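Below is one structure, written out as structure tokens; comments come after it.
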Amino acid sequence: MSDDCAEKTVETELEIEGRKVKVRAQVERQLPPWGKTTLVGKSMRRVDGPDKVTGAARYTHDVQLSGMLYGKVLRSPHARARVAELGLSAAAKLPGVLAVLGPGDVRGVRLGGQKVLSAEASYAGEEIAALAATDEETAEEALSLIRVRWEPLPPVLEPEDAMAPGAPALQPGGNVLGGGFGPQTPGKPEVYERGDAPAALAAAEVELARVYETPAAQHTCLETHGAVAAWDGDGLTVWESTQGVFFVRAALCEALGLPASRVRVLCPFMGGGFGSKNSADRHTLLAALLARRSGRPVRMVLSRREDFEAGAYRPASRQQMAIGLTRRGRIVALTSRAVNPVGAALEGHYFGSCVGPVHDFYACANVRTENYAILTSSPPPSAFRAPGHVQGAFALEQLVDEAADELGLDPVRLRLANLSANDPDSGQPFASNGLASCLRLGAKAIGWDSRKPPRAKAGRFRSGLGVAIATWGAGGGPPAVAQVVLHEDGSVVVLTGACDLGTGTRTVMTQIAAEELGVAVSTVLVANADTRTTPYCLPSFGSLTVASTGPAVRLAAAEVKRQLLDAASPILEAPASSLLVMRGKVRHAVTGKSVAVASIAASLPARMIVGTSQRGPNPDGLVLASFSAQFAQVEVDCRFGTVRVKRFVSAHDCGRVLNPATWSSQIQGGVLQGIGYALLEQRTRDPGTGRQLNAGLLDYKIPTAPDSPPEIEVIDAAPPYPANNIGAKGSGEPPIIPVAAAIANAVANATGRRLRTAPITPARLLAALSAEP
Amino acid sequence: MARRAATRSSKSPAARHVTQIELELNGRVTRASVPDHWTLLEFLRKSAGLTGAKEGCNAGECGACTVLLDGVAVYACCVLAAETSGRRVMTIEGLGTPERLDPLQEAFLVDDALQCGFCIPGQILAAKALLDAEPSPDRECVRRALSGNLCRCGCYVKIATAVLRAAAIRREPER
Ligand code: FES
Ligand code: FES
């Protein structure tokens with residue numbers, strides 16, 4: 001590293017998906033904040049847009065290698081069963097089948113501590129055997145030739161059954177675990193406490209207790225999970241539809257005992273992740289193992305049904321909440337007891353903590369939460385865009401609205417009155433906090449002042465307004481390394497390990513590098529997400545890519561600029577400090593004498609300039625969070641029980657917006673997923689067998705174009721953010737967090753009825769409308 | 001025209017039936033022999049080397065595989081390749097190139113009507129079929145016409161804006 005501070009490292013804190021972790025960071029060179037920018041902050045077109053609109057973009061699904069085989073997996077049809085006998089020989093003998101694997105063939109292979117093929121199924125859809133054949137039909141036919149003698153065991157499907165005395169233990173420690181970010185100590189809940197919530201609740205002037213329920217919701221990436229694996233001697237290359245090539249590589253190296261230098265993972269384009277593609281999955285390992293056994297490349301792409309049945313999901317929740325307030329609307333106590341059924345989750349599975357919002361959203365001195373994770377005979381869940389917070393906000397943000405109704409207070413005012421100047425959990429100040437502006441600007445945009453109480457409404461179609469808020473740790477941090485290379489002709493390559501999930505990572509990194517270097521964006525190419533050629537970073541998760549990799553790219557570009565000016569100094573016969581780069585030329589600030597960047601690079605002995613830098617530490621003592629306030633206007637059809645979102649306003653503080661076009665796309669996308677969660681999406685399973693009933697896109701409904709409001713207004717309400725050199729925080733997850741609560745609150749405002757269970761289906765809404773108020 | 005149902009051999013792949021087809025694919029006469037049970041999507045992706053049409057479900061539920069068959073938007077996963085003999089098929093690769101974009105492709109870029117991009121070839125071709133049939137749709141009409149094309153990244157608002165923009169560009173007299 002050419003950094004002046006190369007030797008100094010410090011400990012710093014980084015928040016990933018609501019969980020704070022300590023990491024070491026190299027102290028970075030301080031760059032002054034940008035003054036007026038010419039590229040950053042502009043709605044530049046996506047650099048990979050032309051490839052995407054012409055079909056030239058190659059996704060993992062599109063990788064075709066010569067001699068490539070098609071891999072398929074035999075999955076358990078039973079939610080809980082033992083394989084008594086497995087006959088693979090007929091399948092292996094079918095012409096065209098080149099490799100077959102059963103649990104016995106992969107005994108030593110572990111992915112995150114778990115087997116990749118199992119003779120004991122703990123959910124319907126679990127991988128039992130795998131094979132590869134010259135074409136898909138042969139592979140499917142071979143699957144049908146595998147003979148299995150099953151010993152089915154009674155499944156444990158509902159959390160109540162799992163918690164009942166005498167329930168079969170699904171894991172040695174029992175079925176009841178502490179919840180939180182992943183499974184915790186067996187037998188006890190994860191407890192969080194500040195102040196004395198039970199006493200404060202008992203003493204509160206007003207107390208409300210309510211129960212909220214949320215469904216298991218599935219990521220439903222349009223590109224299903226998949227990998228293509230090819231061996232070259234003892235080296236392995238894997239294309240994976242992933243959010244993080246380095247996590248995939250680490251999993252492969254660990255499972256197969258390979259050095260990192262021999263495993264290359266690439267993800268040039270990927271069709272959606274949303275938290276479900278953070279690392280390698282069993283299909284990845286199976287593709288690599290089948291490829292090794294057959295000596296041919298293997299494509300292992302999940303069918304839509306497999307993607308649903310064995311795939312990840314946001315766990316359901318049941319949240320028993322209570323709130324205590326003063327008559328004037330100050331929140332004095334909050335409690336939650338949450339139960340999350342988490343299927344066959346084991347240590348290492350991560351699904352987020354649904355009690356987070358209770359800790360984070362409001363200034364409240366007395367908080368107590370108890371969080372349980374309950375094992376069931378269902379696949380393990382995973383992170384899903386703002387894991388935990390989406391469920392938690394659905395509950396808390398309705399509870400706060402119910403309290404406002406009870407007290408006869410305006411929900412926006414009640415929220416404004418209870419916002420916290422400092423992080424309510426740690427007591428430390430926020431680096432920046434625009435939540436109050438989000439509320440004010442959003443309220444203005446939706447026309448909050450025209451909101452009428454439900455009793456003022458009648459008739460079949462009733463309109464309502466609702467609000468909800470979010471905070472989310474999104475400051476990013478190390479590790480993230482970036483390299484910027486200036487070539488002899490003046491063209492620039494930015495190397496970063498970050499995957500672009502469609503969020504615009506490539507585009508904003510192009511803007512950052514071009515801005516700092518003073519060159520045209522057309523000269524800059526971002527090459528990313530290839531473990532052989534690009535430097536390390538974390539996966540694109542936790543809303544951290546821009547705030548982690550962005551500052552590293554700026555530093556690397558600044559380093560290239562430093563070397564460039566040093567090289568230009570003798571040519572222009574002026575000290576480097578008097579030079580600047582503008583429009584592809586190094587120019588003397590006063591005399592205007594200039595020389596083209598390309599000719600300087602070409603004159604160097606190395607004929608190139610390389611700058612490598614890494615993300616520095618986050619500032620001590622400051623809490624880094626993004627904020628949002630969202631407003632929904634709905635129209636309820638009281639005859640059919642349907643809800644239309646007519647207008648939606650999404651106001652955010654994510655720090656500096658680097659590209660308003662790609663940013664607002666990401667925000668609108670989060671809102672759409674929130675609308676699906678509020679109104680449409682829920683995994684349903686057969687109560688007898690535990691098999692999923694809606695493992696297809698017609699039955700598991702995600703929003704379509706007509707489900708979207710015609711417009712989604714996106715508002716930037718960010719104050720300046722000083723905590724990194726590009727001034728940006730993350731924005732991937734905040735836009736989904738409050739949506740469902742804002743819609744439920746709007747439905748309550750329209751009808752006077754509370755829908756405390758998501759999704760708000762016509763059946764639930766009609767039942768609520770026909771019940772006594 | 002071959003209209004046999006897809007048959008699955010119980011023997012080796014070699015024993016499966018194949019049909020000779022001749023179609024106009026992206027403006028070029030193309031001959032191929034395809035297994036009878038192959039869908040148009042399989043033919044495009046596995047044999048014609050055209051991977052712009054995506055497989056999101058293989059069941060007519062997502063629209064990622066949308067192509068134009070004689071100018072009509074169809075799910076390529078629901079059409080047998082053998083059925084396309086003598087017909088015209090256009091995939092996203094036939095609409096425009098990065099150097100010569102179709103107004104729809106251009107409009108999708110201008111309005112940033114894309115994120116991961118996986119659904120986008122299908123969205124654009126569904127939109128083309130709409131504009132070819134109805135040059136002046138309103139927003140509601142666009143939303144309905146594209147309701148068979150899912151976008152999990154949630155680009156619907158901008159997609160409708162882009163389609164309306166493209167419609168306006170297409171209505172302009174020749175420049
Ligand atoms: S792949 Fe054809 S509709 Fe989904
Ligand atoms: S852009 Fe990702 S699915 Fe539409």
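The values are calculated or read from the model by the stated rules, or taken from the named source; none is laboratory data. Bear in mind that the values here come from a model prediction, so they are computed numbers and not experimental data. Note that each Cβ is placed from the backbone with ideal geometry, even for glycine, and that neighbours are counted across all protein chains shown. Just so you know, the surface numbers come from the protein's heavy atoms only, side chains and all, with ligands and any DNA or RNA stripped out. Shrake-Rupley method; radii C 1.70, N 1.55, O 1.52, S 1.80 Å.
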Any chance you could look up the accessible area of A:Ile675 with a 1.4 Å probe, heavy atoms only, rounded to 10 Å²? 0 Å²
For chain A, what is the accessible area per residue in Å², given a 1.4 Å probe and the full set of protein chains? 35 Å²
Separation of the A:Lys646 and A:Lys20 label points, Cα + 7 Å toward Cβ, nm: 4.4 nm
Quick one: which residues, 5+ away or cross-chain, put their amide H under 5 Å from the amide H of B:His37? H built at 1.01 Å from N. B:Thr7
If each of A:Ala199 and A:Arg107 carries a label point 7 Å out from its Cα toward its Cβ, how far apart are those two points in nm? 5.9 nm
Computed over chain A, the relative contact order (Cα-Cα under 8 Å, seq sep at least six) in percent reads 17 percent
Considering only C-alpha atoms, what is the centroid distance from region A:733-773 to region A:350-410, in Å? 16 Å
Set the Förster radius R0 to 30 Å, insert the Cβ-Cβ distance between A:Val590 and A:His487 as r into 1/(1 + (r/R0)^6), and round the FRET efficiency to 0.05. 0.55
Average beta carbon contacts from partner chains per residue of B:53-63, 10 Å cutoff: 6
Grab the eigenvalues of the alpha-carbon gyration tensor for region B:16-115, scale each by 5, take roots, and send me the semi-axes largest first in whole angstrom. 25, 16, 10
Residues hit by the 50 Å² burial cutoff in region A:680-702, accessible area with a 1.4 Å probe, assembly against chain on its own, are A:Leu697
Name the long-range amide H neighbours of A:Glu17: under 5 Å, sequence gap of 5 or more, or other chain; modelled H, no Pro or chain starts. A:Gly542
Sort A:Asp686, A:Asp234, A:Asp62 by accessible area with a 1.4 Å probe, largest first. A:Asp234, A:Asp686, A:Asp62
Of the peptides A:48-57, A:599-608, how do they stack up when ordered by the mean number of other Cβ atoms within 10 Å, highest first? A:48-57, A:599-608
Among the residues of region A:25-62, which ones have their accessible area go down by 20 Å² or more when all the protein chains sit together, as opposed to their chain alone (1.4 Å probe)? A:Arg45, A:Arg46, A:Pro50, A:Lys52, A:Val53, A:Thr54, A:Gly55, A:Arg58, A:Tyr59, A:His61, A:Asp62
Quick one: order A:Ser548, A:Ser569 from most to least accessible surface, probe 1.4 Å. A:Ser569, A:Ser548
Just from its helices, what would the mean residue ellipticity at 222 nm be for chain A, if runs of 4 or more DSSP H residues each count -39500 (n - 2.57) and the sum is divided by every residue, rounded to the nearest 500 deg cm²/dmol? -8000 deg cm²/dmol
Going by a ≥ b ≥ c, the root eigenvalues of the Cα gyration tensor, does region A:630-773 fall in the rounded group (a/c under 1.5), the prolate group (a/b larger than b/c) or the oblate group? prolate
Full-extension gain in nm, A:Arg330 to A:Arg210, via 0.36 nm per residue minus C-alpha separation: 41.4 nm
I'd like the accessible area for A:Arg305, computed on protein heavy atoms only with a 1.4 Å probe and all protein chains in place. Round to 10 Å², please. 120 Å²
Relative to the Cα centre, what is the charge dipole magnitude of region A:353-424, using +1 at the beta carbon of each Lys and Arg, -1 at the beta carbon of each Asp and Glu, and rounding to the nearest 20 debye? 260 debye
Over region A:161-272, relative contact order from alpha-carbon pairs under 8 Å, at least 6 apart, %: 16 percent
Over all distinct alpha-carbon pairs, what is the Kirkwood Rh of region A:40-102 in angstrom? 16.9 Å
For the protein assembly as shown, what size does the Cα cloud have along each of its three principal axes, sorted from largest down, in whole Å? 84, 80, 63
Quick one: dipole size for region A:135-182, taken about the Cα centre, charges +1 on Lys/Arg Cβ and -1 on Asp/Glu Cβ, in debye to the nearest 20. 440 debye
Roughly to the nearest percent, how much of the accessible area of the protein assembly as shown is carbon and sulfur, given a 1.4 Å probe? 51 percent
Quick calc, the protein assembly as shown, dipole around Cα centre from Cβ unit charges on Lys, Arg (+) and Asp, Glu (-), nearest 20 debye, gives 880 debye
Test of the criteria: in region A:341-438, which GluC sites (Glu not before Pro) are in a DSSP loop and have at most 13 other Cβ atoms within 10 angstrom of their Cβ? A:Glu347
Which angle from 0 to 90°, rounded to the nearest 10, does the C-alpha axis of helix B:120-133 make with the longest principal axis of chain B? 70 degrees
Please compute the length gained on full extension between A:Glu11 and A:Asp620, using 0.36 nm multiplied by the number of residues separating them and subtracting their Cα-Cα distance. 218.3 nm
Between chains A and B, what is the buried accessible area in Å², counting both sides, with a 1.4 Å probe and ligands, DNA and RNA left out, to the nearest 100? 4700 Å²
At 1.4 Å probe size, with no ligands or nucleic acids counted, give the accessible surface of A:Asp716 in Å², nearest ten. 80 Å²
Determine the equivalent ellipsoid of chain B by diagonalising the alpha-carbon gyration tensor, then write out the semi-axes as square roots of 5 times the eigenvalues, largest first, rounded to whole Å. 31, 17, 13
Cα-based convex hull, region A:127-278, per residue volume (Å³, whole number): 245 Å³
Can you list the HN-Hα couplings for region A:627-644, worked out from phi with the Karplus curve (6.51, -1.76, 1.60; θ = phi - 60°), rounded to whole Hz and with x for Gly and Pro? 9, 8, 10, 10, 10, 10, 10, 10, 10, 9, 8, 6, 7, 9, x, 9, 10, 10
In the structure displayed, which of A:Lys52/B:Lys46; A:Lys22/A:Lys115; A:Lys277/A:Lys646; A:Lys42/A:Lys277 lie more than 22 Å apart, Cα to Cα? A:Lys22/A:Lys115; A:Lys277/A:Lys646; A:Lys42/A:Lys277
Residue among A:Val546, A:Ala227, A:Met163 farthest towards the positive dipole end of chain A, charges placed on Cβ: A:Val546
Excluding ligands, DNA and RNA, what is the solvent-accessible area per residue of chain B at a probe of 1.4 Å, expressed in Å²? 41 Å²
Dipole check, the protein assembly as shown, charges on Cβ (K,R +1; D,E -1), about Cα centroid: among A:Ala84, A:Gly669, A:Val560 the Cα furthest to the positive pole belongs to A:Gly669
Specify the angular offset, from 0 to 90 degrees and rounded to the nearest 10, of the alpha carbon long axis of helix B:156-171 from the longest principal axis of the alpha carbons in chain B. 80 degrees
Mind ranking B:Lys158, A:Lys42 by accessible surface for me, highest first, 1.4 Å probe? A:Lys42, B:Lys158
Please identify which residues in region B:142-157 have an amide N closer than 20 Å to a label point set 7 Å out from the Cα of B:Ile169, following the Cα→Cβ vector. B:142-143, B:146, B:155-157
Report P(r) for region A:513-653: all Cα-Cα distances, bin width 5 Å, range 0 to the bin holding the largest distance, values in whole percent. 2, 8, 13, 14, 12, 10, 9, 8, 7, 5, 4, 3, 2, 2, 1, 0, 0
Estimated Rh, region B:103-171: Kirkwood, alpha-carbon pairs, angstrom: 11.5 Å
Length gained if A:Thr684 through A:Glu711 is fully extended, taking 0.36 nm per residue and subtracting the Cα-Cα distance, is 6.6 nm
